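One structure is given below, encoded as C-alpha cells.
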Amino acid sequence: MARKKDKRPREEPRPRYGFAAEEEAEEKMAEGLKRSDLDDGKVTLVDRDISTPVIETYDATTGELEGSILLKDGNRDGLTGLVKIIENVDVELDHNSNIESINFKGKLNVENQSKKDRIWDIDLSLKNIDSTSLKSKDIKIRELGTDEKTNTYSEDFVIKEEIKNMLLVQEYVNTLPDADSVLNIRDIETNLLQAKEKTAKAGADVKERVAPVEEEEEEEEEEEEEEDEEDDSFEDGGTASDEFSLQSFGISIDKENTVTFAIAMRSLFEKPIKNVKVVKNIPSDFSNPVIRDTSVGRADVEGKKVVWTIEKLMPEQTVLLKFTCGIMVTDITKRKTGTLDVTYEAASSFAEGLDIDKYDAYTRNKFYVDTVERDEEPGVWDCKLVFENPSEFIIQLFNADVYSPENESVKFVDIDPKDVPLLPAGAQWHSRKWKFESDEYPAFRKKLEFRVMPDFQTSVYGTAAIADVILEIASITGDMEYDIDQVPTYKEKDVIATLKLVNNGSAPLNEVTIAQQFFTNEYQPPKSDEVTLLWDGKEVDLNSGAVNFDGSVFRITLKDLRNSSNGLLMPDSSLEFQYPIHCVNPAQDSKFESEIIYYTNTFPVSQELEFRPEVPVIEALHLRRRFRIGKEVLPIGALGNYEIILTVENIGTAPLQKLILMDKVPDSFEYSDYSMKPEITDEVGQDTLKWTIDKLMAEEKIEISYKISGTGAYSPSDAQLGL
C-alpha cells in the first residue's frame, strides 16, 4: 500500500536564462536547470551524477526512493515556454545628465521555441502590471504553433509613470593642466550619483534639444543680474576657483591646449548589463586623441572616434574612461567638444517588478501503468506508473496520483512538485513499484498534472545620446601708457598711468588681476583711493580691498565678477584703470623700469591667461627746462584783418613735455583759419585758444598761426595782448 501524505502547496519555480544566467548560477542549481546554449534556447538538467542515464528521485519529506528518471540517449536538454519582455529605450541627455527625452517601446511576447511541438492551453498571469499599459494581468492563449506566423503571441505596451534613466552617463571636460587629478573617481562618483533620482515621462521631450547660444547667454545674464541686485561693488571675496568644479571650458587662443575628457558610467539595473559601447565623436578641430586610463573594458581610437567597449558592467559600479586631445585655435569661434553615443543590452525591465506569477501550458505527452502478474504468484501484480515526455520541452510533472480501483482514498502513487525532477526532452519518469492483488485485470484511476517549464526573459536594448559642450576661447589684449615719460630730478611729480584690458575672446571673464612691479622709494605706487576704474567707458566703484601693495608689487584684483553688480566681463568688453605713479625726488639719471602683467580667468575656471603690455620707461632728467614763447600780429588784407603768429621754442637741452600754449581773443574780434586746431576755452573769462604740445625736443621750434577779424568798435591794440 502506498503511504498517505499531505500535498504541499504548489510552487512556481521560474528557471531563468539569458546572458545574465551566469550571475544566477546558484538559482539555476537550486531549480535544477542551467543555460546550455544561448543560441538554440535550450536549458540543461543539473544532477550530481551525469555519468548515468538514470536519475533517482526521492520523496522530499521522508527521503525515501520514489522513482527514477530514464534519460533518452543521456539527453539532459530541453526547451522552455518562453515569456519575453523586449524593451527599446532611447534616452537623450544634456551635458549635465539632465534628461531631455526618453522614448520607450515595450513588447510582451509569449513564444513557442519548438519547430516540432505545439503548446496549448497556455494560462499566464503577470505580476505588477500597474505601471504599464498592459490591460490585464491574465493572458489565456489557446495554442501556439511551430512556424513564425503562429508561434508567438504579442502585446505592445508603454510605461505610464515617469521612469528613471537606469544607465547614468556623464562626460566631464577639463582644460586645466592638473585635470587628471581633478577628475578623480571619488569626486566624479559623488557628482554622478546626483543624477540617480532624475526621472522623465516616457515619450515626452523635457525641453528643446539645443537652445541658441545667444538665448542661453541672455538667460544667464538675466539670472546673474537678479542674483546681483544687492551687490554694489567689487569685493575681495571668494573666487570661482574656490568652488568645487570638475569641469573647465576655457581654452587659450594661439596656444596648444590639452583638453582632458572623462566619461563615467554607473548602472542602476539590478542585473549586470552587457555589450556596452560608448562612442565619443571627436570634432575635426581636435587632434591626437590619447587614451589615458580605462577602469574596465577596452578603449580604442578609431579615426575621429574614441570607442569604449565593456562586455559586462556590474550593478552599482562606477567605471571611468579618460583620454586627452590637443586643440589649437587662431580665432575666437567657439568649439564644440563632440557628442557621445551609448548602446547597451540589459536583462532588467524598466517596468519595475513586471514578472510571471503563474504559467501553465501543455504539449505532447504520454503516460501509462505497467501491470505485470508474477510468474509464481498468480493474481499478484507488480505495478508502476510511467510518464513519458516525447516533446522537445523540459516538462515539470508536479502531481501524479494513482488511486486504488476499490478505494479512492488509497493512493499507490502520490507525488508533489519537489518529489520529481524536471524531465528533459525524451525522458521518462518511472514510479517505484507497488504490489496489487486481484484475480481481475487491475484498472487504476490516474490523475497527472504537468506543464511546460516556463522561462521569463527580459531583453532591454538601450541607447543614450549625450549632448556636447561648448569650449569658449579665452583671449585678452590691451595696452598701457604714461601721460609723460620724463620727470624732473629732486622734485615731486605724478605720472598718470592708463592701463586698458580688452576681452577679445568668446569666454566671459570672472577674474582680473593687474600687477605692476619694481616700485621703489623714488617711484611709489598709488593709494587705493587714487585708482579709477572705467568699465566699457563708464566709471564704476572699486572696493578698497581690491587694491594691494606688497613689497615692490602693486596689484588690483577683481574677483568673482559673476556675483558683482556688473557681472562677468563679457566678450568685447573693456576695463580701463587710471592711477598716478608718485615720483618723489628722483635722483639724477634714475629710471622707473616697470613690468605689468594682466592675469585673467574664466568661469568655470580654466587655464589662467597672461598678457604683458609694453611698458614705457620713466626717466628722471637733471637738465632744467628752457623755452621761449612769442607772439606776432601782422595786418593782412582789408582793414581790421590780422594774422596772429604764436611761436614756442625749446632753447634748452632737454625735451619738454605737455607744454600749454594759450592766446586770448578780444571780444571785438572773430577768429578762424588755424594752422593747428585749438581747444576753445574760457579760462580767462573770455574766448581763449589753447594748444597742448605733447613733446618739444631740444632746439625745436613750433609756429602756430590763426586769423582774426575786427567787428564793431574794435581796437587793434587789444590783439597785442598775450598769455
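The values are calculated or read from the model by the stated rules, or taken from the named source; none is laboratory data. All values derive from a computational prediction rather than experimental measurement. Positions of Cβ are backbone-derived with ideal geometry, glycine not excepted, and every protein chain shown enters the neighbour counts. Note: areas computed on protein heavy atoms with side chains; ligands, DNA, RNA excluded. Shrake-Rupley method; radii C 1.70, N 1.55, O 1.52, S 1.80 Å.
Report the antiparallel proportion of the DSSP beta bridges in the chain as a percent, rounded to a multiple of 5.
So the antiparallel bridges in the chain amount to around 90 percent.
Could you name the lysines in cross-link range of LYS591, using Cα to Cα under 17 Å and dropping any fewer than eight places away on the same chain?
LYS491, LYS493
For the chain, take the longest principal axis of its alpha carbons; what is the angle in degrees between that and the long axis of helix 213-227, to the nearest 10 within 0 to 90?
Helix 213-227 sits at roughly 80 degrees to that axis.
With each run of n ≥ 4 DSSP H residues scored as -39500 (n - 2.57), what mean residue ellipticity at 222 nm is computed for the chain after dividing by its residue count and rounding to the nearest 500 deg cm²/dmol?
Computed mean residue ellipticity for the chain: -1500 deg cm²/dmol.
Per residue of the range 255-267, in order, report the coupling 6.51 cos²θ - 1.76 cosθ + 1.60 (Karplus, θ = phi - 60°) as ³J(HN,Hα) in whole Hz, putting x for Gly and Pro.
Going residue by residue, I get 8, 6, 9, 9, 10, 9, 10, 10, 10, 10, 9, 8, 8 Hz, with x marking Gly and Pro.
Ignoring ligands, DNA and RNA, what percent of the 1.4 Å accessible area of the chain is carbon and sulfur?
Roughly 44 percent of what the probe reaches on the chain is carbon or sulfur.
Leaving ligands, DNA and RNA out of it, rank ASP357, ASP663, ASP300 by accessible area with a 1.4 Å probe, largest first.
ASP357, ASP300, ASP663
Given a 1.4 angstrom probe, what's the average accessible area per residue across the chain, in square angstrom?
The answer is 49 Å² per residue.
Quick one: compute a quarter of the convex hull surface over the Cα atoms of the range 414-505 and quote it in nm².
Numbers: hull surface 75.1 nm².
Its average projected convex-hull area is 18.8 nm².
Under 5 Å between amide H atoms, partner at least 5 residues away or on a different chain: which partners does GLY67 have, H built in plane at 1.01 Å?
THR57, ARG432
Enumerate the calculated ³J(HN,Hα) couplings along the range 110-116 in order (Karplus 6.51 cos²θ - 1.76 cosθ + 1.60, θ = phi - 60°), each rounded to whole Hz, writing x wherever the residue is Gly or Pro.
Result, rounded to whole Hz: 10, 10, 9, 7, 7, 8, 10.
So, by mean Cβ neighbours within 10 angstrom, what's the order for 160-169, 383-392, 541-550 with the highest one leading? Kindly include the intermediate steps, with their values, before the conclusion.
On the way: 160-169: 19.2, 383-392: 20.9, 541-550: 15.6.
Top to bottom by mean Cβ count within 10 Å: 383-392, 160-169, 541-550.
Subtract the Cα-Cα distance of GLN517 and LYS690 from 0.36 nm times their separation in residues, and report this length gain in nm to one decimal.
Computed gain between GLN517 and LYS690 is 58.6 nm.
Relative to the compact globular guide of 2.2 N^0.38 Å, what is the alpha carbon radius of gyration of the chain, as a ratio?
Taking the Cα Rg and dividing by 2.2 N^0.38 Å, one obtains 1.75.
Which whole-angstrom value gives the distance between the alpha carbon centres of the range 293-314 and the range 426-464?
So the separation of the two Cα centres works out to 48 Å.
Report, in listed order, any pair from LYS255/LYS277; LYS127/LYS384; LYS527/LYS658 with a Cα-Cα distance greater than 32 Å.
LYS255/LYS277; LYS127/LYS384
In sequence order, what are the phi-derived ³J(HN,Hα) couplings for the range 643-657 according to the Karplus relation 6.51 cos²θ - 1.76 cosθ + 1.60 with θ = phi - 60°, rounded to whole Hz, with x for glycine and proline?
Residue by residue, the range 643-657 yields 10, 9, 10, 10, 10, 9, 9, 8, 9, x, 10, 10, x, 10, 10 Hz.
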